[in-house]
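Derivation of every value follows stated rules applied to the coordinates shown; laboratory data play no part. Not measured: the values here are computed from a predicted model. In this analysis, Cβ positions are derived from the backbone assuming ideal geometry, glycine residues included, and neighbour counts consider all displayed protein chains.
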Amino acid sequence: MDIHWAALGGVIGVSLGITLLTVVLFSLGVAAQPRGDGAGHGSERSRGNRTATAAAVLCFGACLAVAIYGLTLIIGG
């Protein structure tokens with residue numbers, strides 16, 4: 001049995017990178033979410049709330065896309 005160390009290292013590197021990316025995206029989504037839920041008055045505050053909510057939704061959507069893609073790779077569909 002022969003182990004291809006370069007391929008194993010590549011798989012570990014990509015897995016670690018995607019894991020870190022997903023954790024950072026989720027953390028940014030969590031950080032942006034409370035700002036998006038605040039009750040504000042005026043157009044400037046409302047625009048900021050919508051932007052923060054959109055950023056949070058985008059971050060959570062990216063995390064969901066990574067998870068679904070990983071599941072499709074595992075399931076093999």
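At 7 Å along the Cα-to-beta-carbon direction for both Thr53 and Thr72, put a label point, then send me their distance in nm to one decimal.
2.9 nm
So, in nm, how far is label Ile18 from label Ala6 when the simple model puts each one 7 Å beyond its Cα toward the Cβ?
Each label point lies 7 Å from its Cα, and together they span 2.2 nm.
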